[in-house]
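> Let me give you the structure first, and then I'll get to my questions.
The values are calculated or read from the model by the stated rules, or taken from the named source; none is laboratory data. Since we're looking at a predicted model, the values are computed, not measured. All Cβ positions, glycine included, derive from the backbone under ideal geometry; neighbour counts span all protein chains shown.
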Amino acid sequence: MNGGQVIAQMLLKNRTRHLFTLCGGHIGPIYVEAAKAGMQVWDVRHEASAVFAADAVSRITGIPGVATVTAGPGVTNTITAVKNAQMAQSSVLLLGGATATMLRNRGALQDIDQLSLLYTAVKSQRRVNRLRELAPALADVLRISRDNVPGPVFLECPVDLLYPEATVREWYGLNKKNVSGWMEQLMHWYLTRHVKRLFAGVGNAGIDLPIVPEPTIPLPCSADLKKIIRALQAAERPVMLLGSGAMLKPTLASSLADAVKNLGIPVYLSGMARGLLGRSNGIQFHHHRKEALREADLILLAGVPCDFRLNYGRNLNRHARKIAISRHRQELSRNIRPTLAVRADPGAFLIGLEKISPALPGWETWKKTLQVRDAARESEIEQMAGEPVKGINPIALLRQLEQTIPENSVLVADGGDFAATAAYTLRPRKPLSWLDPGVFGTLGAGGGFALGAAACYPDDYIWIIYGDGSVAYSLAEFETFAKNGLKVCGIVGNNGAWEQIARDQLHLLGADTAVILPRTGYHRVAEGYGAAGERVDTMADFQLALRRAVESMDKGVPYLINAMIGSTPFRQGSISI
């Protein structure tokens, strides 16, 4: 049994069905044996896309997403995506190739200190030195990736542990029959001893594959549940913020949605929690969150850190009772002094809260206030959608998209201004159907996220909302979509600028240095990769293009709509630094 077979069998035992990779000689046995074992192997055009795709699988399924990349630059190309997974709390396993054990630190091709590079970006990183260590090490890092706060892990796999022993013996020149001279004999003895140690304890029958234990998850206690019930019963203006931290166990999504509806607390959803309550719900609000937080007398942060997105806590009413629920111990008190800090899985906590909750107040007056504000903001957005701009009004375009996309759609946001505008206008249709990079603000996640979503939801339409800056990072993955017949459509908001930066840079610094882009024909690039696409210059063109996109995706041909949009002041002053 070679190392590639060990890895494939261990991954299958861990319910892994998808492996994302960019090929390399150091890791060939991993993806070859995975395919032989029945896993779907997806090969991409950039290693970062492999990790982003694995990240998406983790967010949607709760099973660690797995990517394997070759040594050296293959590993270094993943670092941004791995760090993004860490900050998004996604359980991702990165399998990195490495030079042969005998050649380490001797100037071999692509031999670098990979463990040190990944040290701050992963929960655990380790190197395997013998074949019999591989399965236990895999089981351990898979457990760590899901325990408590999920995160990425890295396992370095030397190439001479992945190939069959006979091949490795040939590499080291041990099949030579005539060994003459004492120096050559000594080298032959040393190398033979080294290879025996590599494969010791592993026979033709294989090795025992350890069971990956279930992750340790902090669960709620009854005392904390009762305290929150009393606080809710006394509140007149409660607000709940529910974010990605409440979705770390995706299998609970349906039960969590029911619990949130039954509790009836006015709620704002963010990150992976978007879509939890469907396209619309009477207790979910979208606008004027800052005002609601300043007026609330009870604020429940469920899987939402008090970071720059909440103005480091300054947006919260200082007199309100604040309850923070998170798996992450540090996030409970970051920039906030909560009345009650509960270290527990927020999703499981809310489900448990609903199960023991008596009848709670309806808070109808408070909800009416929030509804009036929401309606007023929607009217403002509708008015802005009708204002003429040079090009297609981006707000009008996104509102048209919202009205058009099928119910079985997944939305992927990859960009600055255009993607953030989409967050105001697009409504995910179901739980676990919105993917964005998260707190790290990474550009370039779109292609990998779309691939991971398509792997998990093969019958759904995957829509990538691209800025014309971000699209170039992963546009090559349209080749991946095309050769696999995936139902993916990219919509590029092409306004010829890095708009989120440009708008405020012009205001603050008076110069457009480094923020202007040509109006590139990205649809032509997609066509070159085997997809279909078109440029649109009017809203009428866009409506027809959406119809053609769906028809094309139904035929297994991905699509790209290159929309020539104009600029609006919709998000003036939104730059985060």
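> Assess whether LEU256 counts as being in a loop (DSSP other than H, G, I, E, B), buried (at least 19 other Cβ atoms within 10 Å of the Cβ) and under 23 Å from the mean Cα position of the chain (by Cα). Spell out how you get there, then give the answer.
On the way: in a loop (DSSP other than H, G, I, E, B): no; buried (at least 19 other Cβ atoms within 10 Å of the Cβ): yes; under 23 Å from the mean Cα position of the chain (by Cα): yes.
Judged against the criteria, LEU256 is not a match.
> Which of the residues spanning region 105-128 are under 25 Å from the mean Cα position of the chain (by Cα) and of a type in the set (Gly, Ala, Ser)?
Going through region 105-128, the residues under 25 Å from the mean Cα position of the chain (by Cα) turn out to be 114-126.
Answer for region 105-128, where residues must be under 25 Å from the mean Cα position of the chain (by Cα) and of a type in the set (Gly, Ala, Ser): SER116, ALA121, SER124.
> Ok, one more. Which residue, of PRO428, PRO458, is of a type outside the set (Asp, Glu), free of Cβ contacts under 8 Å to residues at least 40 places away in the same chain and either within 20 Å of VAL57 (Cβ to Cβ) or crowded, with 24+ Cβ neighbours inside 10 Å (or both)?
Just a single option satisfies the conditions, and that option is PRO458.
> Separate question: Among the residues of region 331-348, write down those that are part of a helix (DSSP H, G or I), more than 15 Å from GLN89 (Cα to Cα) and of a type in the set (D, E, K, R).
Listed by number, the list is empty, since nothing qualifies.
> Scanning for something of a type in the set (S, T, N, Q) and closer than 18 Å to MET87 by Cα, does region 332-349 turn up at least one residue? Explain how you work it out, then say what you get.
Narrowing region 332-349 to residues of a type in the set (S, T, N, Q): 333, 335, 339.
Of the ones still in play, those that are also closer than 18 Å to MET87 by Cα are 333, 335.
Taking every residue of region 332-349 in turn, at least one turns out to be of a type in the set (S, T, N, Q) and closer than 18 Å to MET87 by Cα.
> If we only count helices (runs of 4 or more DSSP H) wholly inside region 389-475, which ones have 1 or more residues that are aromatic (Phe, Trp, Tyr)? So that I can check it myself, show each step before the final result.
Values: elements: 394-404, 417-425, 446-456, 471-474.
Correct list: 417-425, 446-456, 471-474.
> Can you name every residue in region 286-312 that is surrounded by 16 or more Cβ atoms within 10 Å (Cβ to Cβ) and at positive phi?
HIS288, GLY303 - these are the residues of region 286-312 that are surrounded by 16 or more Cβ atoms within 10 Å (Cβ to Cβ) and at positive phi.
> Could you say whether any residue in region 230-244 is outside the structural domain of GLY24 (by TED's automatic domain parsing), at pLDDT 90 or above and of a type in the set (Ser, Thr, Tyr)? I'd like the intermediate steps shown before the answer.
So in region 230-244, the residues outside the structural domain of GLY24 (by TED's automatic domain parsing) come out as 230-244.
With the extra rule that they be at pLDDT 90 or above, the set shrinks to 230-244.
Narrowing further to those that are of a type in the set (Ser, Thr, Tyr): 244.
Yes, region 230-244 contains a residue that is outside the structural domain of GLY24 (by TED's automatic domain parsing), at pLDDT 90 or above and of a type in the set (Ser, Thr, Tyr).
> Something else: If a residue has to be hydrophobic (A, V, I, L, M, F, W, C) and surrounded by fewer than 16 Cβ atoms within 10 Å (Cβ to Cβ) to count, how many in region 175-208 make the cut? If you could, list the steps in order and put the result at the bottom.
Of region 175-208, the ones hydrophobic (A, V, I, L, M, F, W, C) are 179, 182-183, 186-187, 189, 191, 195, 198-200, 202, 205, 207.
Remaining after also requiring surrounded by fewer than 16 Cβ atoms within 10 Å (Cβ to Cβ): 179, 182-183, 186-187, 189, 200, 205.
Total meeting the criteria: 8.
> Something else about it: Within region 204-253, which residues are among the β-branched types (Val, Ile, Thr), over 12 Å from PHE349 (Cα atoms) and in contact with a Lys or Arg (Cβ under 9 Å, 6 or more places away or on another chain)?
ILE207, ILE211, VAL212, THR216, VAL239
> Same structure, new question: Of (1) in contact with a Pro (Cβ under 8 Å, 6 or more places away or on another chain); (2) assigned by TED's automatic domain parsing to the domain that holds LEU293, LEU411 satisfies all except one. Which?
Result: LEU411 fails condition (2) only.
> Scan region 271-285 residue by residue and report those that are buried (at least 20 other Cβ atoms within 10 Å of the Cβ) and over 23 Å from LEU360 (Cβ atoms). Lay out the reasoning, then the answer.
Within region 271-285, the subset buried (at least 20 other Cβ atoms within 10 Å of the Cβ) is 271-277, 284-285.
Within region 271-285, GLY271, MET272, ARG274, GLY275 meet the criteria.
> A further question on this structure: In region 13-60, what residues are polar (S, T, N, Q) and either without any contact (Cβ under 8 Å) to a residue 40 or more places away in the chain or surrounded by 18 or more Cβ atoms within 10 Å (Cβ to Cβ) (or both)?
Narrowing region 13-60 to residues polar (S, T, N, Q): 14, 16, 21, 40, 49, 58.
Listed by number, the residues that qualify are ASN14, THR16, THR21, SER49, SER58.
> Any idea which residue in region 327-377 is surrounded by the fewest Cβ atoms within 10 Å (Cβ to Cβ), counting only those that are among the polar types (S, T, N, Q) and under 13 Å from VAL304 (Cα atoms)? So that I can check it myself, show each step before the final result.
Taking region 327-377 as the starting set, the residues that turn out to be among the polar types (S, T, N, Q) are 330, 333, 335, 339, 357, 365, 369, 371.
Add one more test, that the residue is under 13 Å from VAL304 (Cα atoms), and what stays is 330, 333, 335.
Numbers: GLN330: 9, SER333: 13, ASN335: 15.
The residue in question is GLN330.
> On the phi < 0 side of the Ramachandran plot, loosely packed, with under 13 Cβ neighbours inside 10 Å and at pLDDT 95 or above: is that true of ALA540 in this structure? Explain how you work it out, then say what you get.
On the way: on the phi < 0 side of the Ramachandran plot: yes; loosely packed, with under 13 Cβ neighbours inside 10 Å: yes; at pLDDT 95 or above: yes.
Against the criterion (on the phi < 0 side of the Ramachandran plot, loosely packed, with under 13 Cβ neighbours inside 10 Å and at pLDDT 95 or above), ALA540 qualifies.
> Within the group VAL51, VAL82, VAL75, VAL57, which residue is farther than 28 Å from ALA253 by Cα, part of a helix (DSSP H, G or I) and either basic (Lys, Arg) or outside the structural domain of SER474 (by TED's automatic domain parsing) (or both)? Outline the logic, then answer.
Values: VAL51 fails: farther than 28 Å from ALA253 by Cα; VAL82 fails: farther than 28 Å from ALA253 by Cα; VAL57 fails: farther than 28 Å from ALA253 by Cα.
Just a single option satisfies the conditions, and that option is VAL75.
> Do you know which residues across region 351-375 are without any contact (Cβ under 8 Å) to a residue 12 or more places away in the chain and either in contact with a Cys (Cβ under 6 Å, 6 or more places away or on another chain) or among the small types (Gly, Ala, Ser) (or both)?
Those that are without any contact (Cβ under 8 Å) to a residue 12 or more places away in the chain and either in contact with a Cys (Cβ under 6 Å, 6 or more places away or on another chain) or among the small types (Gly, Ala, Ser) (or both): ALA359, ALA375.
> Also, I was wondering about something else. For region 32-48, give me each residue that is in a loop (DSSP other than H, G, I, E, B) and under 19 Å from the mean Cα position of the chain (by Cα).
Initially, region 32-48 is screened for residues in a loop (DSSP other than H, G, I, E, B), giving 37-39, 44-46.
Those that are in a loop (DSSP other than H, G, I, E, B) and under 19 Å from the mean Cα position of the chain (by Cα): VAL44, ARG45, HIS46.
> Right, something else. Would a scan of region 114-123 turn up a residue that is out of contact with any Asp or Glu (no Cβ under 9 Å at 6 or more places or on another chain) and of a type in the set (D, E, K, R)?
Checked against the condition, which is being out of contact with any Asp or Glu (no Cβ under 9 Å at 6 or more places or on another chain) and of a type in the set (D, E, K, R), region 114-123 yields no hits at all.
> Name every residue in region 299-330 that is in a strand (DSSP E or B) and either among the polar types (S, T, N, Q) or within 24 Å of the chain's Cα centre (by Cα) (or both), in order of residue number.
Just the residues of region 299-330 that are in a strand (DSSP E or B), to begin with: 299-302, 321-326.
If the condition is that a residue be in a strand (DSSP E or B) and either among the polar types (S, T, N, Q) or within 24 Å of the chain's Cα centre (by Cα) (or both), then LEU301, ALA302, ALA324, ILE325, SER326 are the ones that fit.
> OK, next. Which condition number in (1) farther than 20 Å from LEU269 by Cβ; (2) of a type in the set (A, V, I, L, M); (3) surrounded by fewer than 24 Cβ atoms within 10 Å (Cβ to Cβ); (4) modelled with pLDDT of 95 or more is the one that LEU401 fails?
Condition not satisfied by LEU401: (1).
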